[in-house]
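The values are calculated or read from the model by the stated rules, or taken from the named source; none is laboratory data. Because the structure is a prediction, the values reported are computed rather than measured. Cβ coordinates were reconstructed from backbone atoms using ideal geometry, including for glycine residues, and neighbour counts include every protein chain displayed.
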Amino acid sequence: MSRRKKSHQSHGSANRPRFWGRHAVAAALDNPERRVLRAWATREASGFMQFPPDVAVTYADVADLGRLVPHDAPHQGVVIEVEPLDDVWLGDVLTQAPEPSVLLVLDHVTDPHNVGAILRSAAAFGAVGIVTQDRHSPPESGVVAKAASGALERVPWVRVVNLARALEEIAEAGFWRIGLTGDAQMDLKDALGPKRVALVLGAEGPGLRPNTREHCDALARLPISDQVESLNVSNAAAVALYAASIV
């Protein structure tokens, strides 16, 4: 399985990330699987939060809270320090997936804003989870949690060592693997159909790596106008999830 990334930052670390913003913090507090280590809040914001009784809350003003998070981070008066969630096993997600199901696979998508936004879309359209390669994806962080707006606590996030091997396991579980790429000849709507679908998206710029493309059952494109070259990967994920959800 994966290994936790280790880093040391003044605004938290991969082993003790800090979350901020009311949606992200409230979702973390509501998640029984999430261990909250420390909390800071303005007195006003603390009235909206249900802090566990064993977590001491340090009251602080807005300026002090700003020093606990990256510059200009919209903390909305509340910051918590947490432990990362336990590893999620791909096999568990696959065996529990109903029919129909949509799974997202991200190939070297490293930007935490994009991953957070994709988690939010995955929650909105009922995806059973997202799969990333551990070495080429961001750790849990305040940026991911804020962009996910609570979905980090709700959508299973599987980190794997070998993405090609994971795609093979996904196929063995009965998922039809569709790689999204602008140079495909087929539109996404024509590639959809099977009850279980894995949508595979690559990083902006490089797109899907050759080995990842080879582990897809079909390659498809989103039928966007020629006025733009491509969509941001998080926007592409949202559109693809919507298309898969209405089949």
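Things to note:
- The numbered conditions (1) surrounded by fewer than 24 Cβ atoms within 10 Å (Cβ to Cβ); (2) within 21 Å of Asp86 (Cβ to Cβ) are all true for Thr132 except (1).
- Every test in (1) at pLDDT below 95; (2) under 30 Å from Val160 (Cα atoms) is passed by Val82 save one, and that test is (1).
- Residue within the range 82-101 that is more than 30 Å from Thr212 (Cα to Cα) and not polar (S, T, N, Q) present: yes
- The set of residues from the range 168-208 being of a type in the set (Lys, Arg) and buried (at least 17 other Cβ atoms within 10 Å of the Cβ) comprises Arg177, Arg196.
- Scanning the range 175-195 for residues that are of a type in the set (D, E, K, R) and in a loop (DSSP other than H, G, I, E, B) turns up Asp183, Lys195.
- Residue that is assigned to a helix (DSSP H, G or I), farther than 17 Å from Arg213 by Cβ and out of contact with any strand residue (DSSP E or B) (no Cβ under 8 Å at 6 or more places or on another chain), where the choices are Ala164, Ala123, Ala145: Ala123
- Against the test of being crowded, with 23+ Cβ neighbours inside 10 Å and either assigned by TED's automatic domain parsing to the domain that holds Ile178 or modelled with pLDDT of 95 or more (or both), the options Gly126, Gly116 yield a single qualifying residue, Gly116.
- Checked against (1) under 17 Å from Gly126 (Cα atoms); (2) surrounded by fewer than 18 Cβ atoms within 10 Å (Cβ to Cβ), Arg165 meets all criteria but (1).
- Residue that is surrounded by the fewest Cβ atoms within 10 Å (Cβ to Cβ), among those in the range 31-70 that are part of a strand (DSSP E or B) and hydrophobic (A, V, I, L, M, F, W, C): Leu37
- From the list Val160, Val155, the one residue that fits, being under 17 Å from the mean Cα position of the chain (by Cα) and under 30 Å from His71 (Cα atoms), is Val155.
- Filter result for the condition that a residue is among the hydrophobic types (A, V, I, L, M, F, W, C) and more than 18 Å from Ala97 (Cα to Cα), over Leu241, Leu167, Leu163: Leu163
- Residues in the range 42-56 that are under 15 Å from Trp20 (Cα atoms) and under 28 Å from the mean Cα position of the chain (by Cα): Ala45, Ser46, Phe48, Met49, Gln50, Phe51.
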